[in-house]
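Where a number appears in this text, it was derived from the coordinates with a stated rule and is not lab data. Just so you know, these numbers come straight off a predicted model, no measurement behind them. Here the Cβ positions follow ideal geometry from the backbone for every residue, glycine too, while neighbour counts run over all protein chains shown.
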Amino acid sequence: MGVAAPALEAAGSRAVVGTVTVRTLGDTLNERSGPSTWYAVHGVFGNGARVGVVCQAWGQQLSGTVSTSAWWLVDARGWYISEAFVAWDAGRPVVPWCGVYTHRAVRATVRVAGGATLSVRTGPATGQRQTAVLSNGAPVVVACRVWGQPVDGRVADTPVWDRLAGGGYVADGFVAWSPRQPAMPWCGQAPQSVPPASRPAFIAAAVPGARAGMARYRVPASVTIAQAILESGAGASTLFRMDHNVFGMKCFGNPGQVAIGCRSYGTFECEPGCANTHASFRAYTDIADSFVDHGQMLATLARYKPCFAYTHDPDRFAQALQNAGYATDPHYARSLIHLMQQYNLYRYDH
């Protein structure tokens, strides 16, 4: 069944759905430009401050004075505070998602033709049992997204399904967002990360996944770590922080066997001329799955077979990757070799 939209209370040019009280044991709570401590501070709230909440976003998980939470709340000024440090004044209401660029609430409604209805099902496919139907224009509260059966919808033709906050799944192709769809997590996805404090710290975090890939797929750990640094900006890229995609692996119609979904990002490609463009990239539950997908891809695609003649020669393995068309950057192998030499990544091959 449909879920009623929360009642809204006007607050200037924004709409407040509830009020929270800051609990910081005497410290101040930072107000940031995005849903993690990586984003810039725009203001502070003192302990006991009451703050109106407009919408929510899924971000970095923090352990605070009230709870451990990956939810961030946008206040009436349009900035983000961690829910881990606030207490709801009258119980947590239904909080809408925030728009990525507007920092305002966005709404989802059913969009079907004529007198048709939209089925709520027990899983992300039309063969799953129907539990309810929603009429055209009915509001829906979406908890997260899953990759499922492709459906030709009224809004879009897509394999994405929306899991509702009240339970059940609806085909995303029949859900219209106003003013535009927010950046929701995939169901079961780990919270956003923040970049490590330094390159050595990032390397240390990448070593377990790289060594596991070397043991299972014979990809030199040194090459894998260099690729991770280069492809993710040492953990600073939005693709890495939001969707745990370490290596910039793309979707070509589907997320493959390991990833859980696909999301469009801006990127820079050289084919043959270099330019800014957009592409669909894989989203993972966590970075461990990204390392698995990377090793599996190299070990199973025929075009990378020549690389494995150099499993004990990382520099030549890197050059073979470029020769096989792994990246569009004509200096890709040179960049990998430079990183391997600069940080002595070869030590992780032993």
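What to note about this one:
- Karplus 3J(HN,Hα) series, Hz, for region 58-70 with 6.51 cos²θ - 1.76 cosθ + 1.60 (x for Gly, Pro): 8, x, 6, 7, 10, 9, x, 6, 9, 7, 9, 8, 9
- Estimated Rh, region 9-103: Kirkwood, alpha-carbon pairs, angstrom: 12.9 Å
- Under 5 Å, built H, 5+ apart or other chain: amide partners of GLU31: HIS42, GLY43, VAL44, PHE45
- Placing +1 on the Cβ of every Lys and Arg and -1 on the Cβ of every Asp and Glu, with no other charges, gives region 9-103 a dipole of roughly 60 debye about its Cα centre.
- The amide H of GLY148, built 1.01 Å from its N in the peptide plane, has VAL160, TRP161 as neighbours under 5 Å, considering only residues 5 or more places off or on other chains.
- Diffusion constant of region 46-159 at 25 °C, which comes from Stokes-Einstein with the Kirkwood Cα-pair radius and 0.890 mPa s, µm²/s: 148 µm²/s
- Axis of helix 314-323 versus longest Cα principal axis of the chain: the two differ by about 70°, to the nearest ten degrees.
- When the Cα positions of THR68, THR102, TYR80 are compared along the charge dipole of region 68-120, THR102 comes out farthest toward the positive end, with charges on each C-beta of Lys, Arg, Asp and Glu.
- Sequence-distant residues sharing a close amide H with GLY18 (under 5 Å, placed H): VAL53
- Solvent-free Debye scattering, log10 I(q)/I(0), computed from the Cα coordinates of region 270-350 at q = 0.12, 0.24, 0.25 Å⁻¹: -0.43, -1.31, -1.31
- Computed over the alpha-carbon pairs of region 108-178, the distance histogram in 5 Å steps reads 4, 21, 32, 31, 12, 1 percent, short to long.
- Value of relative contact order over region 108-178, rounded to a whole percent, pairs C-alpha under 8 Å and six or more apart: 35 percent
- Long-range Cα-Cα pairs in the chain (distance over 29 Å), rounded percent: 48 percent
- Given 16 as the ceiling on other Cβ atoms within 10 Å, longest exposed-site-free region of the chain for chymotrypsin sites (Phe, Trp or Tyr not before Pro) in DSSP loops: 102-251
- Gained length - ALA76 relative to ALA116, 0.36 nm times residue gap less alpha-carbon distance: 10.6 nm
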